[in-house]
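Worksheet: the structure to be examined is printed underneath.
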Amino acid sequence: MEYRHRASTDMGTHPIRKSSNGLMLPPNMASYDTARALFSWQEARQELTGLPGGKGLNIAYEAIDRHAAGPRRDQVALRWIPRDSGIRDFTYAEMKDLTSRFANVLSDLGVGEGDRVFALAGRIPELYVAALGTLKIRSVFCPLFSAFGPEPIWSRMSIGGAKVLVTTESLYARKVAALRERLPELEHVILVGQSEVKTATPNTLDYHSLMVQAAESFDIQPTDPEDPALLHFTSGTTGTPKGAIHVHEAVVAHHITAKLALDLHPEDVFWCTADPGWVTGTSYGIIAPFTNGVTNLVDEGDFDVERWYAILEAQRVSVWYTAPTAIRMMMKAGSEVARRRSYPALRFLASVGEPLNPEAVVWGQEAFGLPFHDNWWQTETGGIMIANYASMDIRPGSMGKPLPGVEATIVQRTEAGGIVEVTEPGVQGELALTPGWPSMFRGYWNEAERYRKCFAGGFYLTGDLARRDEDGYFWFVGRADDVIKSSGHLIGPFEVESVLMEHPAVAEAAVIGKPDPVALEIVKAFVSLKDGHEANEALRRELLGFARSRLGAVVAPKEIDFLPTLPKTRSGKIMRRLLKARELGLPEGDISTLEASA
Ligand code: AMP
């Protein structure tokens with residue numbers, strides 16, 4: 001299903017030429033071809049130090065402790081911009097103490113290696129401390145998006161077997177307290193309060209009191225690079241959310257991909273606008289900026305055009321990593337708004353998460369004098385896999401070329417069920433990667449079969465459709481499955497359908513992504529009703545509210561249509577694709593398996 005924006009599949013769009021003239025810093029990768037020819041993951045690993053005494057590799061040590069022990073000790077590691085006022089800075093040395101304290105907090109509670117520590121919070125400093133402290137004690141950190149409603153929170157915590165949850169007083173009261181009974185494995189809930197006064201919420205612990213009592217130094221125990229470190233939930237077309245497991249070794253990829261694809265230099269002020277509830281906000285919002293020794297900017301506030309321009313200017317952001325939905329909203333406000341301010345420090349713009357239309361790449365030049373560099377990756381890959389680089393010409397609309405060390409190709413499935421690689425340029429197929437990079441996921445939590453299905457013919461199959469042009473640039477075409485991308489968030493239709501089906505009036509539900517000029521897609525549901533229920537406006541509103549209260553605003557459908565029955569295959573599978581084609585007025589394609597009544 002193609003949902004690329006206008007002109008983006010036109011591989012002839014004028015390229016944006018790059019030259020080293022005028023660049024503020026020499027790019028980390030001077031020549032793509034040379035870097036690709038010389039690259040080895042072993043050498044990339046040498047950029048990190050490993051635990052002292054050869055005791056393995058630990059993400060938190062590479063991100064924080066090694067800088068705290070070196071010349072960057074007093075440099076600002078995390079600059080936090082609260083929603084209102086009162087910017088706070090944390091140096092690498094301070095981050096070391098705080099994360100050590102948090103590791104001690106967990107350890108004093110009897111939490112240890114392999115236990116799952118979940119976090120549900122907005123962009124607050126305590127979240128960053130909790131993530132890295134968790135990694136120090138070799139527990140598994142699992143972030144949840146704070147805009148999720150109770151159902152997505154519950155399903156992820158129960159699948160992942162959460163032992164600890166770190167959250168805020170208000171999120172706990174609104175979304176978690178009522179779920180406690182359904183989470184028997186959850187032993188500790190640590191609440192970050194609005195004040196430093198001990199909270200009175202029953203069955204919970206107070207973050208600040210625990211931190212004050214905990215010791216400030218912590219010795220990271222030997223960490224096998226293959227020890228699980230991160231659990232990131234993602235969605236497929238069917239079934240419950242899947243927890244992709246990443247190990248400590250992933251830090252090699254986080255570090256080097258940020259250095260090569262985002263061109264991070266230690267003197268940078270880096271702003272990744274992704275929420276740490278999603279993989280980008282962890283790999284590039286927590287880990288990679290610190291391993292690269294930059295000042296990592298974190299804004300608690302929600303998206304707001306004026307606020308964002310003010311931050312870019314006032315904080316002297318030099319590298320900015322954002323997402324197409326935000327860029328499109330900024331474009332809507334007009335480039336004059338951007339040009340009212342100046343951004344003398346800004347030198348590199350990058351985007352991820354959804355197709356970046358060529359107009360947006362070019363708009364970057366109009367508004368900031370710099371193009372956006374699109375890059376591609378996904379939860380399972382743990383780090384950037386395909387990118388546009390500071391030193392490489394951009395073909396607007398293209399995702400760029402594979403990172404050095406990453407082998408990407410296009411494959412097609414044969415009728416006999418095999419896989420063939422497509423070598424001819426311009427031919428569409430599924431984007432596939434050769435496994436072996438360090439941040440490759442090691443499995444789906446307790447779901448060996450779903451993991452196995454991701455591989456065929458020696459490739460990891462990404463579920464995305466793409467093309468490669470004659471010069472090796474990759475062009476995104478669409479998803480190979482029915483997963484929805486809305487404002488950068490991957491949404492599994494099954495999760496939404498399951499909640500709608502819980503409503504007493506609903507007999508069947510099917511959910512599709514309906515194209516939207518800003519959010520890329522919005523979630524749209526089709527429902528058929530049980531006998532005795534009437535399809536009317538009041539019920540539509542009730543269903544919208546019902547879904548929203550359980551799923552949260554990002555996941556819940558924005559539109560609901562009633563249908564007498566939903567189109568199904570003869571074997572009873574709802575044909576979402578047909579609903580989508582009908583919604584968009586597109587050809588219905590092969591409907592030979594359609595049940596007669598639909
Ligand atoms: P997630 O696992 O939530 O990070 O979502 C990954 C999916 O987002 C990919 O499989 C793509 O479908 C989509 N995606 C990520 N980056 C891009 C990009 N640069 N262009 C087009 N689609 C993208």
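What list of ³J(HN,Hα) couplings, whole Hz, do you get for the range 201-216 from phi and the Karplus terms 6.51, -1.76, 1.60, once you set θ to phi - 60° and write x for glycine and proline?
For the range 201-216, the Karplus curve yields 5, x, 6, 9, 10, 9, 3, 5, 5, 4, 5, 5, 6, 6, 5, 8 Hz.
If you place +1 on the Cβ of every Lys and Arg and -1 on the Cβ of every Asp and Glu, how big does the dipole about the Cα centre of the chain come out, in debye to the nearest 20? Before the final figure, lay out the partial values.
Numbers: 62 positive and 75 negative charges, 82 e Å.
About 400 debye.
When the helices in the chain are scored as -39500 (n - 2.57) per DSSP H run of 4 or longer and the sum is shared across all residues, what 222 nm value do you end up with, to the nearest 500 deg cm²/dmol? Present the calculation step by step, with values, prior to reporting the outcome.
Values: 17 runs with 153 residues, N = 598.
Result for the chain, helices only: -7000 deg cm²/dmol.
Could you give the Stokes-Einstein D for the range 45-137 in µm² per second, using the C-alpha Kirkwood radius, 37 °C, 0.692 mPa s? If you can, show how the numbers build up before the last one.
On the way: Rh = 14.1 Å.
For the chosen part, D equals 232 µm²/s.
Based on the Cα coordinates of the range 484-584, what is the per residue volume of their convex hull in Å³?
On the way: hull volume 10.0 nm³, N = 101.
Each residue corresponds to 99 Å³ of Cα convex hull volume.
Amide H neighbours of Asp299 under 5 Å, counting only residues 5+ apart in sequence or on other chains, H built in-plane at 1.01 Å?
For Asp299, whose amide H was placed from the backbone, the distant partners under 5 Å are Ile81.
Can you list the chymotrypsin sites (Phe, Trp or Tyr not before Pro) in the range 239-342 that are in a DSSP coil and have 15 or fewer other beta carbons within 10 angstrom?
Of the chymotrypsin sites (Phe, Trp or Tyr not before Pro), the ones in loops of the range 239-342 whose Cβ has at most 15 other Cβ atoms within 10 Å are Phe303.
Whole-Hz ³J(HN,Hα) for each residue in the range 134-147, computed from phi via Karplus 6.51 cos²θ - 1.76 cosθ + 1.60 with θ = phi - 60°, x for glycine and proline: what do you get?
Working through the residues one at a time gives 4, 5, 4, 8, 6, 7, 9, 8, 9, x, 10, 6, 6, 8 Hz.
Short version: ³J(HN,Hα) in whole Hz for each residue of the range 353-359, in order, from phi by Karplus 6.51 cos²θ - 1.76 cosθ + 1.60 (θ = phi - 60°), x for Gly and Pro, what are they?
Calculated HN-Hα couplings, in order: x, 8, x, 9, 5, x, 4 Hz.
From the protein chains alone at 1.4 Å, what is the descending order of accessible area for Asp206, Asp219, largest first? Write down the numbers at each step before the final one.
Working: Asp206 5, Asp219 115 Å².
The ranking, largest first, comes out as Asp219, Asp206.
Given the chain, what percent of its DSSP beta bridges are antiparallel, to the nearest 5?
Numbers: 52 of 93 bridges.
The answer is about 55 percent antiparallel.
Give the ranking of Trp376, Trp41 by solvent-accessible surface, highest area first, calculated with a 1.4 Å probe.
I get Trp41, Trp376, largest accessible area first.
Let me know the whole percent of all Cα-Cα pairs from the range 91-234 that are separated by more than 27 Å. Display every interim value, and only then the final one.
Numbers: 1442 of 10296 pairs.
I get 14 percent for the Cα pairs in the range 91-234 exceeding 27 Å.
Of all the Cα-Cα pairs you can form in the chain, what percent are over 32 Å apart? All intermediate terms of the calculation are to be shown ahead of the outcome.
Values: 83337 of 178503 pairs.
Roughly 47 percent, rounded to a whole number.
Considering only protein heavy atoms and a 1.4 Å probe, what is the carbon-and-sulfur percentage of the accessible area of the range 484-584? Before the final figure, lay out each step's value.
Values: 2290 of 4290 Å².
Roughly 53 percent of what the probe reaches on the range 484-584 is carbon or sulfur.
Please state the charge dipole magnitude for the range 484-584, taken about the Cα centre, from unit charges on C-beta atoms (+1 on K and R, -1 on D and E), reported in debye and rounded to the nearest 20.
Numbers: 16 positive and 13 negative charges, 80 e Å.
It comes to approximately 380 debye.
In the range 484-584, if the dipole is taken from +1 on Lys/Arg beta carbons and -1 on Asp/Glu beta carbons about the Cα centre, which of Ser549, Gly532, Ala507 is farthest to the positive end?
Ala507
So who's got an amide H within less than 5 Å of the one on Gly463, skipping anything under 5 residues away but keeping other chains? H placed 1.01 Å off N, in plane.
Those lying under 5 Å, H to H, from Gly463 are Leu431.
The values are calculated or read from the model by the stated rules, or taken from the named source; none is laboratory data. Everything numeric here is computed off the predicted structure, so don't read it as measured data. Note that each Cβ is placed from the backbone with ideal geometry, even for glycine, and that neighbours are counted across all protein chains shown. For accessibility, only protein heavy atoms count, side chains too; no ligands or nucleic acids. Shrake-Rupley method; radii C 1.70, N 1.55, O 1.52, S 1.80 Å.
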